[in-house]
Amino acid sequence: MRTAPFRKGSLLLFVVSFFTLSANAQLLSDSVRIDNHYRTFHFKKPGTSTVSQLIFVLHGSGGNGKDFRQNALNLEARSDQEQFILVYPDGYKHFWNECRKAAQTPPNLENINEEAFFTRMIEYFRDKYKIDESRVFAIGFSGGGHMAYKLVITMPEKIRAITAIVASLPDSTNMDCIEKKVSRSVMIVNGTLDPLNKWEGGEIILANNVRMGRMRSAEASFRYWAQLAGYTGTPRSDRLPDLDTSDGKIIERYSYSHQGKPEVVLLKVVGGKHDLPNDIDTFQEAWSFFKRQ
């Protein structure tokens, strides 16, 4: 009997498809009802019964949790061994109701209750997977970074630390949140050539002329959290290894840390734009930061 010829390409396609399906098969989705809206979130089913820590991974403006998950797969691969669970929530109509007063996005215009959404998700994972409520973190990119800021500004009692990527705090004239001013561990990752979230601060204008108001500079955002934690003087500084010498970027790290105080870090991506740097896996760097807190 003749058999079909073996084709490497067919095998490769099968392998890629198998692993893609396997990864997707592990992703669970659920929703909670908040003020007559069903808010959705996604997470990989834990492979262990012991899950002690919760990390929210927050997409940028116009995105969604499932698509943004691809950026955090390397970190997700460590979740069972290091006993944490990554959760990828969906913004309301692809946006977050964060602290930018000038924002004209659906959740801002409808005043969507994000605090209730995140509180309910924390309760969901506490009840279902017994997470430690004192070990809840958030990583946010762009608009998701602004949502992460809101979490530690308005509900710091529920969030231990955050990492905000390509996001600076709103200017005081553009702050729409009541600031509890409780110090928390914060890491900021911003690029000096970001055309949207400018290093020096200023107005953010999204596609279709969607205006988000004025932002503080990256350095002023860093100082806000450092001063709240009681730090004074010059931060420690060093340069991270330049692992990709072809991209024209380097990362300078500025940090404050002291026993008994929240750690505050600014990663200055010299030459960085509105994207993720190549020299580090930002999500794994965020986890290393969270573990120290």
_Prolate/oblate/rounded label for the range 237-285 (Cα gyration tensor, a/c 1.5)_ = prolate
*With unit charges on the beta carbon (Lys/Arg positive, Asp/Glu negative), name the residue among Gly272, Gly140, Gly213 whose Cα is farthest towards the positive pole of the charge dipole of the chain.*
Gly140
*Would you please classify the overall shape of the range 27-291 from the alpha carbon gyration tensor, given that a ≥ b ≥ c denote the square roots of the eigenvalues, rounded means a/c under 1.5, and beyond that prolate means a/b larger than b/c while oblate covers the rest?*
rounded
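Can you tell me which of 102-114, 58-70, 37-49 comes out highest on packing, and rank the rest after it, using the mean Cβ neighbours within 10 Å? Can you show the working numbers first?
On the way: 102-114: 17.7, 58-70: 19.4, 37-49: 16.1.
Per-residue Cβ counts within 10 Å, averaged per peptide and sorted highest first, yield 58-70, 102-114, 37-49.
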*asked:* Need one number: nm distance between label points at Leu240 and Lys181, each 7 Å from Cα along Cα→Cβ, rounded to one decimal.
replied: 3.2
_the range 144-293: C-alpha gyration tensor shape, a/c 1.5 cut-off, then a/b vs b/c_ = oblate
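Summing -39500 (n - 2.57) over the DSSP H runs of n ≥ 4 in the chain and dividing by its residue number, what mean residue ellipticity at 222 nm do you reach, to the nearest 500 deg cm²/dmol?
Details: 9 runs with 83 residues, N = 293.
About -8000 deg cm²/dmol.
Which helices, counted as full DSSP H runs in the chain, have an axial Cα extent of no less than 18 Å and a Kyte-Doolittle average of 1.0 or above?
On the way: long enough: 8-25 (25 Å, 1.37); 114-129 (22 Å, -0.85).
Helices passing the filter in the chain: 8-25.
Could the peptides 128-134, 240-246, 265-271 be put in order, highest first, of the mean number of other beta-carbon atoms found within 10 Å of their residues?
On the way: 128-134: 14.7, 240-246: 11.1, 265-271: 21.3.
Ranked from most to least packed, the peptides come out as 265-271, 128-134, 240-246.
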*Please tell me which of these pairs span more than 32 angstrom C-alpha to C-alpha: Lys45/Lys291; Lys45/Lys180; Lys128/Lys180; Lys101/Lys261?*
Lys45/Lys180
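Values in this text are rule-based calculations from the coordinates and carry no lab data. Given the structure is predicted, the values throughout are model-derived calculations rather than measurements. Positions of Cβ are backbone-derived with ideal geometry, glycine not excepted, and every protein chain shown enters the neighbour counts.
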